[in-house]
Amino acid sequence: MIILPKFDFIQFLKVIERFKIYEPFFVSPIVLSMTKNLRVLRKYDLSSVKFLYIGAAPSGQELVVDLQLVYPA
């Protein structure tokens, strides 16, 4: 388990890439950041991610659809 002391979007992406995290846990605002910052997101190799868990806040259908566009199954 890797826990960051505070959320930093770039650091977050670097950790996923470096440790090849395959089942990350997210909250909805992080997923929203991912779908709205594609240019930054594409600088990192996140191919290790196979499953993605979203919790702690409601996730609307639009957010899920946007995420599927970024990461198709």
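Sequence-ordered 3J(HN,Hα) estimates for segment 16-33 from the Karplus curve with 6.51, -1.76 and 1.60 and θ = phi - 60° stand at 4, 5, 5, 9, 6, 5, 10, 9, x, 9, 10, 10, 3, x, 5, 4, 4, 4 Hz, glycine and proline given as x. Per-residue Karplus couplings for segment 61-69, computed as 6.51 cos²θ - 1.76 cosθ + 1.60 with θ equal to phi - 60°, are listed in order as 4, 4, 5, 5, 4, 4, 5, 5, 5 Hz, Gly and Pro entered as x. Positive end of the dipole of the chain (Cβ unit charges, origin at the Cα centre): among I2, P24, L63, the Cα lying farthest that way belongs to I2. Scanning residues 5 or more positions from I54 or on other chains, those with amide H under 5 Å from its amide H are F26, with H placed 1.01 Å from N in the peptide plane.
Put simply, the chain fits an ellipsoid with semi-axes of 18, 14, 12 Å; these come from the alpha carbon gyration tensor as the roots of five times its eigenvalues, largest first.
Stretching the chain fully between Q68 and Q11 yields a gain of 18.3 nm (0.36 nm per residue, less the alpha carbon separation).
For segment 1-69, which chymotrypsin sites (Phe, Trp or Tyr not before Pro) are in a loop by DSSP, counting at most 14 other Cβ atoms within 10 Å?
Values: sites: F7, F9, F12, F19, Y22, F25, F26, Y44, F51, Y53; in loops: F7, Y22, Y44, F51.
Those that pass, being in a loop and sparsely packed, are F7, Y22, F51.
Only aspartates and glutamates eight or more places from K14 in sequence, or on another chain, were considered; those with a Cα closer than 20 Å are E23, D45.
Determine which residues of segment 1-39 fall in the zone a paramagnetic label at S48 would reach in this model, i.e. backbone nitrogen under 12 Å from the point 7 Å along Cα→Cβ. The answer is 1-2, 13-24.
Since every read-out is calculated from the coordinates, none of them should be taken as a lab result. Being a predicted model, the structure only gives us computed values, none of them experimental. For neighbour counting, all protein chains shown are included, and Cβ atoms are generated from backbone atoms with ideal geometry for every residue, glycine included.
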